[in-house]
2 protein chains.
Amino acid sequence: MAVVGGGPIGLAVAWRCAARGMRVSVYDATPGSGASDVAAGMLAPVAETYFGERVLTGLLVESAARWPGFAAELAEYTGLDLGYRTEGTLTVALTSDDLAEAERLWTYQRELGLPVTPLRPAELRDREPLLATRLRGGALAPGDHQVDPRRLVAALRVAVERAGVTLLPRPVRDLTELEAAATVVAAGCGTAALTGLPVRPVKGQILRLRAPGGATPGFRHVIRGHADGRHVYLVPRTDGEVVVGATVEERADLDVTAGAVLDLLRAATDVIPELTEYELVEARSGLRPGTPDNAPLLGPLPDRPEVLVAAGHFRHGIVLTPLTADLIADLLATGVPDPALAPLSPARFGTPATGAGGPGLGGTPGPDDGTTR
Amino acid sequence: MAVVGGGPIGLAVAWRCAARGMRVSVYDATPGSGASDVAAGMLAPVAETYFGERVLTGLLVESAARWPGFAAELAEYTGLDLGYRTEGTLTVALTSDDLAEAERLWTYQRELGLPVTPLRPAELRDREPLLATRLRGGALAPGDHQVDPRRLVAALRVAVERAGVTLLPRPVRDLTELEAAATVVAAGCGTAALTGLPVRPVKGQILRLRAPGGATPGFRHVIRGHADGRHVYLVPRTDGEVVVGATVEERADLDVTAGAVLDLLRAATDVIPELTEYELVEARSGLRPGTPDNAPLLGPLPDRPEVLVAAGHFRHGIVLTPLTADLIADLLATGVPDPALAPLSPARFGTPATGAGGPGLGGTPGPDDGTTR
């Protein structure tokens, strides 16, 4: 079988399929250079739960539950450190308006049975003394963990090679180039051009800071801030890095703009003032593969049952990696779709106007094709 | 003769000396990689005139007056575009506190006879419609021009080679390595280690923005802003670039910090809100060669008359390039020092404790030695 796309989804699918005895080839000219290279790696079913996305929330919870086992298995299989951290996520609100907005979300999340515990400002600062003194409140989601996506991809590459998968460093411009009996399209934003499915690029800009003098960041939780109406997240890594993200822009260019960097830095330093002393080591943008309902496309193409899609993960590709890989590998191995796949079928948006196969025909490809970078 | 340092000062000295018939070698492992690579290139005697620096102000005015001729000669000699622009500089004040601070400076500058014309907000926006509507006032310094320092260095390199100067791409760690009858030390921050003189690194952080879509920036003047107590300058280039600067920090590291980028972007977008849409293409830091009185060191070393110093230009290396080159070349050609050199003598801070020659002995070298980068 062939997997088109060497990001975390494609590699994890390949690893799981190889473990089930399939012969797998992964096609990607530049594996890991898509959205995962810019992703923060928050495994955050609670903090990523928004009104009106119940199907997606169920997926996030289920996949997050598989992460501890997946991370342990991958780390043991490869001997590599994934930067997997389980301190949990603190959401904090700076103003009373921010707090009102956040509290509505926490109430909704608790109604769904998700673990989220409101904390007073003093309790927040007991946990993270660097938090701004002017915070009005916050909450802890103890099960919202993190992983370093660049380390994840590096480990998955080692894992698939060890499992006998062939990595072919070349782009796929048309699925008819492939001669495999089964194909999995895990090409992120490039999926639109390959399949005609409605995957659109959603730009995100992020920063990477580094603690001065090679130190570890002075905070351990992932911090999500509601800061004067701006949203920001701060992800501390043990190697000293802090990822600050992210804009969500309906654009397909990769420019890093002054306004986005200003907004991210302002919100970040409003939440943790000491970050002004941190080094700014990277300002980048990437394109998330968005879908009309923010949920991924998992399952066969309407007209071509031999082509499975595993794409459109939008903001949730990293957390959804283990579940996606298991569902797709099981489907390929057994031919029987898991009931969880039903609401995620690529057919839910109708049959692509052009059928599959023609690059750029009827899809909404961005200028940046995940399969060819 | 030997020139140590291939920045604008060293190259211009070499060019002027070669024109007077001298045989010149310039030593620099990485010419143009020092302060000039980060400099904005404001030729701003008025806007750079501060209380208590009358000697320096006189130099700035005199050298700025030589710039039109120098730029025309260099451009004609090399056929290269220097990015020399003569639209002038607008200083603007955002709040009434900013305006009070700026007005004290304008009064002082006018008392010295410098050309500076206060303008009302409407007059400012007539000249530059992109300026923020909330500006409280400003002033025009029509004679404060600009040049692109990277283009300047590129042109000077062509000019010196055309004039027969030998460029030796190697570092000088000790002046005793050189066998020239006369030596000019134009090594920026590296001058301290070579001579023992009190040249100290003063860190500056700058940003480069770029107008979207390859356009020319929407403003033509150099803009200097007093913005809620922060100082910022915005230098628009015809190639679409806008330089935003600069911090002045008594530090010798080259880290780009989140706090500095935040402050520069905040002040810049407060003055010209449209800059939020510009691309952030570079965030850099450099080390200015500072001296105890902010004026350069020009003239012979106290104990070694065959070694001339042309260093310590602090924030003013680009504007002072033509005058420095003329004064040093004349001194070498005639043996007679111009009276203007008297207050700039390297001897004014006493004899260096160790004499010249020993790298790092008695000086205050930064980690970043302009001669070796």
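The values are calculated or read from the model by the stated rules, or taken from the named source; none is laboratory data. All values reported here derive from a predicted model rather than from experimental measurement. Virtual Cβ from ideal backbone geometry, glycine too; neighbours counted across all protein chains shown. Just so you know, the surface numbers come from the protein's heavy atoms only, side chains and all, with ligands and any DNA or RNA stripped out. Shrake-Rupley method; radii C 1.70, N 1.55, O 1.52, S 1.80 Å.
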Estimated vicinal HN-Hα couplings, Hz - the range B:171-176 in sequence order (Karplus 6.51, -1.76, 1.60; Gly, Pro = x): x, 10, 9, 8, 5, 5
Nearest-first distances (nm) between copies at residue A:73, label 7 Å from Cα via Cβ: 7.6
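Mind checking the dipole of the range A:152-285: about its Cα centre, +1 per Lys or Arg Cβ, -1 per Asp or Glu Cβ, Debye to the nearest 20?
Values: 15 positive and 17 negative charges, 56 e Å.
Computed about the Cα centre, the dipole is about 260 debye.
Kindly state, as a whole number, the per residue volume in cubic angstrom of the convex hull around the alpha carbon atoms of the range A:95-155.
On the way: hull volume 7.6 nm³, N = 61.
Taking only Cα atoms, the range A:95-155 has a hull volume of 125 Å³ per residue.
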Dmax and Rg, reported as Rg then Dmax, of the range B:1-143 (C-alpha, Å): 18.8, 57
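For the protein assembly as shown, with all protein chains present and a 1.4 Å probe, just round the carbon and sulfur fraction of the accessible area to a whole percent.
On the way: 13980 of 27290 Å².
Carbon-and-sulfur percentage of accessible area, whole number: 51.
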Mean residue ellipticity (222 nm) of chain B, computed from DSSP H runs ≥ 4 via -39,500 (n - 2.57), nearest 500: -9000 deg cm²/dmol
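Mind grabbing the interface size between A and B? I mean buried accessible area, both sides, 1.4 Å probe, in Å² to the nearest hundred. Present the calculation step by step, with values, prior to reporting the outcome.
Numbers: alone 14360 and 14380 Å², together 27290 Å².
Rounded to the nearest hundred, the buried surface is 1400 Å².
How large is Rg/Rh for the range B:76-204, to two decimals, with Cα atoms and a Kirkwood Rh?
Details: Rg = 21.7 Å, Rh = 19.1 Å.
Rg/Rh for the range B:76-204 comes to 1.14.
Relative contact order (percent) for the range B:1-151, with alpha-carbon contacts under 8 angstrom and 6 or more residues of separation?
Details: 212 pairs, mean separation 43.5, N = 151.
That works out to 29 percent.
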Cα centre as origin, Lys/Arg/Asp/Glu Cβ charges: the range B:1-128 dipole, Debye: 500 debye
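When N is the residue count of the range A:70-110, what does its C-alpha Rg come to as a fraction of 2.2 N^0.38 Å? If you can, show how the numbers build up before the last one.
Details: Rg = 17.3 Å, N = 41, 2.2 N^0.38 = 9.0 Å.
In units of the 2.2 N^0.38 Å rule of thumb, it is 1.92.
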P(r) histogram, all alpha-carbon pairs of the range A:224-264 included - 10 Å bins from 0, percent: 24, 49, 26, 1
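Report the net charge of residues surrounding residue B:240, where surrounding means a beta-carbon distance below 11 angstrom and charges are Lys +1, Arg +1, Asp -1, Glu -1. Numbers along the way, then the final one.
Values: positive: B:208, B:210, B:237; negative: B:239, B:241, B:279.
For residues surrounding residue B:240, the net value is 0.
Rounded, prolate or oblate: pick one for the range A:201-274, where a ≥ b ≥ c are the square roots of the eigenvalues of its C-alpha gyration tensor, a/c under 1.5 means rounded, and failing that, prolate if a/b is larger than b/c, else oblate. Could you put the intermediate results ahead of the total?
Numbers: a/c = 2.11, a/b = 1.61, b/c = 1.32.
Prolate, because a/c is 1.5 or more and a/b exceeds b/c.
Probe radius 1.4 Å, ligands and nucleic acids left out: which of A:49, B:30 has the largest accessible area, and how do the rest follow? Provide the component values of the computation, followed by the final result.
Details: A:49 0, B:30 50 Å².
Sorted descending by solvent-accessible area, the residues read B:30, A:49.
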Folded to 0 to 90 degrees: helix A:149-162 orientation relative to chain A principal axis, Cα: 30 degrees
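Per-residue mean of other chain beta-carbon atoms within 10 angstrom of the beta-carbon, peptide B:257-268? Please report the intermediate quantities before stating the final value.
Details: counts 8, 18, 9, 4, 8, 10, 2, 2, 8, 3, 0, 2.
Partner-chain Cβ atoms within 10 Å, mean over residues of B:257-268: 6.
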Positive-pole candidate from B:227, B:163, B:83, dipole of the protein assembly as shown, charges at beta carbon: B:163
Euclidean distance of C-alpha centroids, the range B:80-137 and the range B:172-249, integer Å: 22 Å
Vicinal HN-Hα couplings computed from phi for the range B:139-145 (Karplus, 6.51 cos²θ - 1.76 cosθ + 1.60; Hz; Gly/Pro x): 7, 10, 10, x, x, 8, 9
Inter-chain Cβ neighbour average for residues B:202-211, partner chain, 10 Å: 1
Euclidean distance of C-alpha centroids, the range B:2-34 and the range A:333-353, integer Å: 71 Å
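With +1 on the Cβ of every Lys and Arg and -1 on the Cβ of every Asp and Glu, and nothing else charged, how large is the dipole of the protein assembly as shown about its Cα centre, in debye rounded to the nearest 20? Please report the intermediate quantities before stating the final value.
On the way: 70 positive and 88 negative charges, 59 e Å.
Here the protein assembly as shown has a charge dipole of around 280 debye.
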Placed amide H near residue A:137: partners under 5 Å, 5+ positions off or other chain: A:93
Overall Cα dimensions of the protein assembly as shown, principal axis frame, Å, largest first: 96, 53, 48
Estimated FRET transfer efficiency (residue A:340, residue A:162; beta-carbon r; R0 45 Å; 0.05): 0.95
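Would you mind computing the Rg to Rh ratio of chain A from its alpha-carbon coordinates, Kirkwood style for Rh?
Numbers: Rg = 20.2 Å, Rh = 20.8 Å.
On the Cα set of chain A, Rg over Rh gives 0.97.
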Rg followed by Dmax, in Å, when the range B:307-350 is reduced to its Cα trace: 10.6, 29
Hz values of 3J(HN,Hα) by residue in the range A:128-134 - Karplus curve (6.51, -1.76, 1.60), Gly and Pro given as x: 9, x, 7, 4, 4, 5, 7
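Contact order normalised by length for the range B:110-179, with contacts defined as Cα pairs under 8 Å and 6 or more residues apart; what percent is it? Show your work: numbers first, answer last.
Details: 35 pairs, mean separation 17.5, N = 70.
After rounding, I find 25 percent.
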Antiparallel DSSP beta bridges within the protein assembly as shown, percent to nearest 5: 70 percent
Global size of the range A:176-300 as Cα Rg and Dmax, reported in angstrom: 18.0, 56
